[in-house]
Protein chains: 2
Amino acid sequence: MRTYLECIPCFIKQSLEAACMATDDEKIQTEVLKKVMKHLQNISFTNSPPELSREVHQIIKRITESKDPYKKVKGQSNEMAKKQYPYLKKLVTESDDPLLMAIKLSIVGNVIDFGTMNRLNVDDMIDNAVKREFDTSSYSQFKRALEHSETILFLADNTGEIFFDKVLLEELVEKQKQITYVVKANPIINDATVEDAYLAGIDKLATIIDGDSGQKQSAPGMILSYASKEFLDIFESSDMVISKGQGNYEGLSDVDRDVFFMLVVKCPLVAQDIGSEVGKIILKAK
Amino acid sequence: MRTYLECIPCFIKQSLEAACMATDDEKIQTEVLKKVMKHLQNISFTNSPPELSREVHQIIKRITESKDPYKKVKGQSNEMAKKQYPYLKKLVTESDDPLLMAIKLSIVGNVIDFGTMNRLNVDDMIDNAVKREFDTSSYSQFKRALEHSETILFLADNTGEIFFDKVLLEELVEKQKQITYVVKANPIINDATVEDAYLAGIDKLATIIDGDSGQKQSAPGMILSYASKEFLDIFESSDMVISKGQGNYEGLSDVDRDVFFMLVVKCPLVAQDIGSEVGKIILKAK
């Protein structure tokens with residue numbers, strides 16, 4: 001997916017958010033905004049949003065001298081989601097269709113801003129999200145693909161959310177699937193890294209790799225031109241690819257490969273591109 | 001009120017909005033964003049938001065070659081609000097406290113985006129807004145000030161909203177008050193100009209002036225350094241000053257003069273400055 005003019009105010013808003021997480025010094029925060037605005041004057045809109053976001057966050061990290069502005073928020077997200085795990089597992093076990101419930105929960109994990117919410121609110125949000133209408137038109141296609149697949153490539157998105165992925169991975173492992181779980185090589189926004197995946201115990205269920213291994217800067221979504229050879233080989237050879245979140249969608253929506261996208265639509269441009277609405281939780285076959 | 005870093009993404013978002021209203025040419029829209037971002041790299045944060053907004057919209061108008069990007073939206077707002085006027089009048093007439101109801105409606109007029117809504121939705125929104133909790137702590141002070149006042153300076157805000165002001169102006173005229181109604185000299189965002197005030201029939205109730213007469217660019221809020229001598233004289237001599245909307249609040253909040261501010265809080269920074277919350281409708285004595 002290309003970048004639109006509407007992405008610009010969002011990049012700037014996120015730059016300020018990240019700068020404020022990295023430092024309380026208003027002078028440095030101002031410097032971040034100025035440098036980001038300067039950079040955005042010369043970008044190419046044919047690049048995808050995660051590619052530009054990668055450049056923007058490179059500037060933020062350099063000026064704030066912070067390698068990981070979202071470190072605290074990510075820790076809170078993991079902690080909160082970890083506490084939810086037994087409840088998620090219960091929902092799956094008690095469901096008439098455990099696979100569908102696990103898919104739904106994995107997507108729901110993409111909606112919640114764990115860092116800023118208390119336990120009870122998260123419980124409520126999960127219940128509400130699970131009850132919400134869900135377009136199951138791609139579900140039968142997903143099940144058919146799953147039947148014929150031995151190897152699955154699973155592109156993760158955020159911290160916190162990885163505990164919601166875990167219940168889905170467990171369903172897939174139960175069906176004897178071999179899974180490669182792809183995270184980012186470096187901290188970028190609140191995206192999960194190898195460290196987070198191990199914290200969630202994903203290593204017991206899947207082979208964990210960083211898809212952009214060797215890159216000094218990660219993008220908040222898979223961009224094939226930055227991918228490692230290892231990733232590209234598995235991307236090519238896997239029987240099935242599951243991609244979580246908007247960033248991976250933006251990076252892979254135009255790639256010539258069957259992919260099952262699972263995401264919460266958070267932005268009107270993605271909504272338009274994918275043919276849905278902001279706020280919807282989506283399983284979509286490409 | 002000073003400008004905060006958080007205003008920057010908003011300025012950029014509004015620039016894009018205005019550019020898209022002025023032209024469908026994405027090249028020109030891009031040029032607007034680039035020039036605005038360039039300008040925002042060298043601003044002083046001690047200036048108030050409407051002062052910077054004035055500069056930003058000057059750039060937008062120059063690059064899009066449009067004197068009034070919001071012309072269509074403003075026309076729709078006036079048209080929709082004009083249709084509401086009989087209903088507003090009925091609400092005031094049937095109220096136990098017509099003055100309070102007229103104040104409330106005048107503020108409610110600041111909340112609705114008339115341009116994009118249909119008639120029934122606006123009816124509902126008015127009903128809901130009127131039922132909403134309203135901090136009346138400044139109302140007794142307002143009534144006391146009114147009793148001792150013959151002349152009132154009334155700073156207007158937006159098109160559409162002016163029809164909601166009209167019911168309040170009528171209450172004030174009934175109490176034999178002499179009112180000066182202040183609008184902008186030039187089109188700026190969706191703010192009301194002299195032409196709009198005449199369209200709403202305000203000339204039958206008040207003396208209409210443009211507060212920044214002679215200026216080539218208007219700001220979306222009163223900035224005394226751009227005000228005309230006529231305005232400054234009346235601002236000085238009036239028994240009472242009523243100021244509508246966030247823009248006028250941002251411009252006048254630090255001025256040494258008693259003012260009754262009436263506004264809908266639309267931004268977290270104004271909320272913090274005025275000691276309230278986003279979404280609240282406020283009558284506040286300064």
>> Any residue at all in the stretch B:114-123 that's closer than 29 Å to B:Leu252 by Cα, under 21 Å from the mean Cα position of the chain (by Cα) and crowded, with 17+ Cβ neighbours inside 10 Å?
In response: yes
> All but one of (1) assigned to a loop (DSSP other than H, G, I, E, B); (2) without any contact (Cβ under 8 Å) to a residue 60 or more places away in the chain; (3) not hydrophobic (A, V, I, L, M, F, W, C) hold for B:Asp203; which doesn't?
Replying inline: (1)
> So which residues in the stretch A:44-83 are surrounded by fewer than 18 Cβ atoms within 10 Å (Cβ to Cβ), of a type outside the set (Ser, Thr, Tyr) and over 19 Å from A:Ile188 (Cα atoms), if there are any at all?
Replying inline: A:Phe45, A:Lys82, A:Lys83
> Which helices (runs of 4 or more DSSP H) sit wholly inside the stretch A:1-113 and have at least 3 residues that are away from every other protein chain (no Cβ under 13 Å) and without any contact (Cβ under 8 Å) to a residue 12 or more places away in the chain?
Replying inline: A:71-93
> Looking only at the stretch A:243-259, which residues are surrounded by fewer than 22 Cβ atoms within 10 Å (Cβ to Cβ) and closer than 21 Å to A:Ala192 by Cα?
Replying inline: A:Ser253, A:Val259
>> Here is a check on your reading of the model: is A:Asp239 more than 24 Å from A:Asn190 (Cα to Cα), in contact (Cβ under 8 Å) with a residue 40 or more places away in the chain and not aliphatic (A, V, I, L, M)?
In response: yes
> Looking at (1) modelled with pLDDT of 95 or more; (2) touching a Lys or Arg at 6+ places or on another chain (Cβ under 9 Å), which is the only condition A:Lys177 fails?
Replying inline: (2)
>> B:Leu205 - would you say it is of a type in the set (A, V, I, L, M) and over 21 Å from B:Ile112 (Cα atoms)?
In response: yes
> Quick check: anything in the stretch B:217-225 surrounded by fewer than 20 Cβ atoms within 10 Å (Cβ to Cβ) and of a type outside the set (S, T, N, Q)?
Replying inline: yes
> In this structure, is A:Val130 out of contact with any Ser or Thr (no Cβ under 7 Å at 6 or more places or on another chain) and in a strand (DSSP E or B)?
Replying inline: no
> How about the stretch B:231-242: which of its residues are surrounded by 15 or more Cβ atoms within 10 Å (Cβ to Cβ) and assigned to a helix (DSSP H, G or I)?
Replying inline: B:Phe231, B:Ile234, B:Phe235
>> Looking for something touching a residue at least 24 places away in the same chain (Cβ under 8 Å) and part of a helix (DSSP H, G or I) - is there at least one such residue anywhere in the stretch B:178-198?
In response: yes
> How many residues are touching a residue at least 60 places away in the same chain (Cβ under 8 Å) and either touching a strand residue (DSSP E or B) at 6+ places or on another chain (Cβ under 9 Å) or not assigned by TED's automatic domain parsing to the domain that holds B:Leu105 (or both) when one looks only at the stretch B:260-275?
Replying inline: 5
>> Could you go through the stretch B:197-205 and let me know if any residue there is at pLDDT 95 or above, buried (at least 18 other Cβ atoms within 10 Å of the Cβ), assigned by TED's automatic domain parsing to the domain that holds B:Gly245 and in contact with a Ser or Thr (Cβ under 6 Å, 6 or more places away or on another chain).
In response: no
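The values are calculated or read from the model by the stated rules, or taken from the named source; none is laboratory data. Please read all numbers here as calculations on a predicted model, not as lab measurements. Backbone-built Cβ (ideal geometry, glycine too); neighbour counts: all protein chains shown.
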